[in-house]
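Remarks on the structure that follows.
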Amino acid sequence: MKPFNILFYLLIVVVTACNASSSGTQNGSDTGKVFQITPSKPDVALTLPSGFTATVFADGLGKARHICVTPSGYIYVKLDGTKNKGTIVRLKDTNGDGVADEELDFGTFKGTGIGIKNGYLYASSDQDVFRFKLNEDGTVANAAAPEKIISGLISRGEHEAKAFTLDNDGNIYVNIGAYSNSCQVEDRKTGSLGMKPCPILDSAAGIWQFRADKLNQTYADGNRYATGLRNVVGIDWNTSNNTLFVMQHGRDQLTMFPQYYDDKKNAVLPAECLYELHKGDNAGWPYIYYDPAQNKKILMPEYGGDGVKTAGEDAIDPVVAFPAHTAPNGLLFYTGSQFPEKYKNGAFIAFHGSWNRAPEPQEGFYVAFVPFSNGKPSGNWEIFANNFSGSPEKTASGRAMHRPCGLAQGPDGALYVTDDSKGTIWRITYK
C-alpha cells in the first residue's frame, strides 16, 4: 500500500472511532445521543406516611408506562409514545442527588412492559416482546437491533397492553387482554347478551407463559398459564413464595342492564382484584365479577345475572378486593431494606384512576400498599402515596394532573413511580 493510502486509511479509522464514541456511551454500545437534563419543579405535593419524602426524579417523558432499574442505577422507562424518536428512555443520576441528569432515548416500538432479568432488558410492544443484552455497567449492548422473543400476540385496540413479568426459572408471563368488555355479542351495547362459550378465551383474556431465552416464539410455543382475566396491567413475581400475582381491571358499564344496576351501583361494582395465580387457574371472566360488599362472585348480567345470583364455583377468589374502576396499572413486591420492616415483601399497587364512575365522583390516582407475610396478605390495604391528581376536586372530576402507572425499586431501596399523563417520575425515599 502506498504511503498516501496508508495515511488516508488511518484517518478514516480515527474519525469513525471518534464518531462512534461520541454518539453513545463510553463503550459505544448504545445508539443515540446522551442528553444532559435539568431537574423539574414538582407541580403537586404528594401525601405520604411520616418519614417518607417524594422528589421528582424526571419529568416531561410523555406516556411513561412501566419502569425498571439496573443494579448500577440506570433507569429504563417504556413509553406508549415517542421521545426524541425513541420509545424507551434511559435515565441516570450521575451525581447522586436523587434527580436524573442524563437521558438517552432508543427503541422503535411503543408499548407498556419493561423488565430486567439475567443480564437482559425485556420490553414489549402491543404485539411482541423483545430483549436487549445489557453490558456489565447496565447500558444496552444492542439498542438498534433487539432480539424478538415473542411475536403475533393479539392486539385489537382494546386492552392491548402486553404487561409482563419474569420468574426465576427462565419463564416470562405475558398478559393478553380481552378485546371486549364482557364478551357481548355486540361489545358495550345496552342489553346485548354474552357469548357462551366466550371465543375470546382461546387466545386472550389470560396470562400466557413463554421461555424468556427462546427467540421467535408464537402462541404455539407458549401455554395459557391462567385464564378468565379481562385485562392485567399490574403484574409481578413474588419471590418470597415463588408465585405469580396480578391485578385485574374489572369490567365497565353495568348500567347497560339498567333493570339491575343504576349509576350508584355501577360506581362501586365490580372490585378491582389482586389474584394469586397458579398454572391452570381461572378467575372467571366474562361469566362472573367479584362484589366487595357481598364478598361473593356474582353472575354477570350478560349471562343471566341480576346482581344477586352467585356463580363461578370453579373460579378462584381474589386475595384482596379494591374499589371499582380505579385501574390498577402497576404491581411491585418490595424487597428492599430502606423502608420500615412493615413494607418488607409487601405489595405496592399504582392505581391509574377511574372514568366509569360518572356521574358519581371518580376515584383512584394513588399508590396503595398491602402488607404480606409468608407470601400472603397479612393486613388491610392502605393508601401509601396520594394527591397525584392535584386536589380532591380534580380526583372527583377525573381531571387528574398525574396518573400513576409503573413501579420499580432502586438498588438503594427507593421506590420509583411513573405517570403516563405528563411523564413524571417520582422517587420516594425513607429516612
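The values are calculated or read from the model by the stated rules, or taken from the named source; none is laboratory data. What you see is a predicted model; the values in this text were computed from it and never measured. Here Cβ is always computed from backbone atoms with ideal geometry, including for glycine, and neighbour counts include all displayed protein chains.
Here residue 423 meets the list (1) over 19 Å from residue 55 (Cβ atoms); (2) not in a strand (DSSP E or B) almost entirely, failing just condition (1). Among the residues of segment 353-374, those identified as surrounded by fewer than 17 Cβ atoms within 10 Å (Cβ to Cβ) and either of a type in the set (Gly, Ala, Ser) or not in a loop (DSSP other than H, G, I, E, B) (or both) are 358, 373.
Whether any residue in segment 410-423 is aliphatic (A, V, I, L, M), farther than 19 Å from residue 320 by Cα and crowded, with 22+ Cβ neighbours inside 10 Å is what I want to check.
Initial filter on segment 410-423 (aliphatic (A, V, I, L, M)): 414-415, 417.
Going one step further and asking which of them are farther than 19 Å from residue 320 by Cα, we end up with 414-415, 417.
From what's left, crowded, with 22+ Cβ neighbours inside 10 Å: 415, 417.
Yes, because at least one residue in segment 410-423 is aliphatic (A, V, I, L, M), farther than 19 Å from residue 320 by Cα and crowded, with 22+ Cβ neighbours inside 10 Å.
Name the single residue that is surrounded by the most Cβ atoms within 10 Å (Cβ to Cβ) among those in segment 54-104 being within 25 Å of residue 162 (Cα to Cα) and among the basic types (Lys, Arg). The selected residue is 78. In summary, residue 285 fulfils each of the numbered conditions (1) part of a loop (DSSP other than H, G, I, E, B); (2) of a type outside the set (S, T, N, Q); (3) over 22 Å from the mean Cα position of the chain (by Cα) with the single exception of condition (3).
Here residue 174 passes the criteria (1) of a type in the set (A, V, I, L, M, F, W, C); (2) closer than 21 Å to residue 253 by Cβ; (3) in contact with a Lys or Arg (Cβ under 6 Å, 6 or more places away or on another chain) except the one numbered (2).
The condition (being crowded, with 19+ Cβ neighbours inside 10 Å, among the small types (Gly, Ala, Ser) and over 14 Å from residue 250 (Cα atoms)) is satisfied by just one residue among 311, 350: 350.
Hey, does segment 127-138 have a residue that's of a type in the set (Gly, Ala, Ser), part of a loop (DSSP other than H, G, I, E, B), over 16 Å from the mean Cα position of the chain (by Cα) and modelled with pLDDT of 95 or more? Let's see the steps before the verdict.
If we filter segment 127-138 for residues that are of a type in the set (Gly, Ala, Ser), which is where we start, we get 138.
So of that shortlist, the ones also part of a loop (DSSP other than H, G, I, E, B) come out as 138.
Then drop every residue that is not over 16 Å from the mean Cα position of the chain (by Cα), which leaves 138.
Among the residues that remain, those that are also modelled with pLDDT of 95 or more are: 138.
Scanning segment 127-138, I find at least one residue that is of a type in the set (Gly, Ala, Ser), part of a loop (DSSP other than H, G, I, E, B), over 16 Å from the mean Cα position of the chain (by Cα) and modelled with pLDDT of 95 or more, so the answer is yes.
Would a scan of segment 375-382 turn up a residue that is more than 23 Å from residue 50 (Cβ to Cβ) and buried (at least 20 other Cβ atoms within 10 Å of the Cβ)? Scanning segment 375-382, I find no residue that is more than 23 Å from residue 50 (Cβ to Cβ) and buried (at least 20 other Cβ atoms within 10 Å of the Cβ), so the answer is no.
Here is a yes/no grid of residues against (1) aliphatic (A, V, I, L, M); (2) touching a residue at least 24 places away in the same chain (Cβ under 8 Å):
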| residue | (1), (2) |
| --- | --- |
| 284 | no, yes |
| 299 | yes, no |
| 307 | no, yes |
| 316 | yes, yes |
| 326 | no, yes |
| 363 | no, yes |
| 373 | no, yes |
| 387 | no, yes |
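So, residue 279, is that one in a strand (DSSP E or B) and either surrounded by fewer than 17 Cβ atoms within 10 Å (Cβ to Cβ) or assigned by TED's automatic domain parsing to the domain that holds residue 209 (or both) or not? Answer is no for this residue.
Residue 16 passes every criterion in (1) more than 30 Å from residue 368 (Cβ to Cβ); (2) hydroxyl-bearing (Ser, Thr, Tyr); (3) at pLDDT 90 or above apart from (3).
Within this structure, residue 108 fails the test of being β-branched (Val, Ile, Thr), buried (at least 22 other Cβ atoms within 10 Å of the Cβ) and in the same structural domain as residue 218 (by TED's automatic domain parsing).
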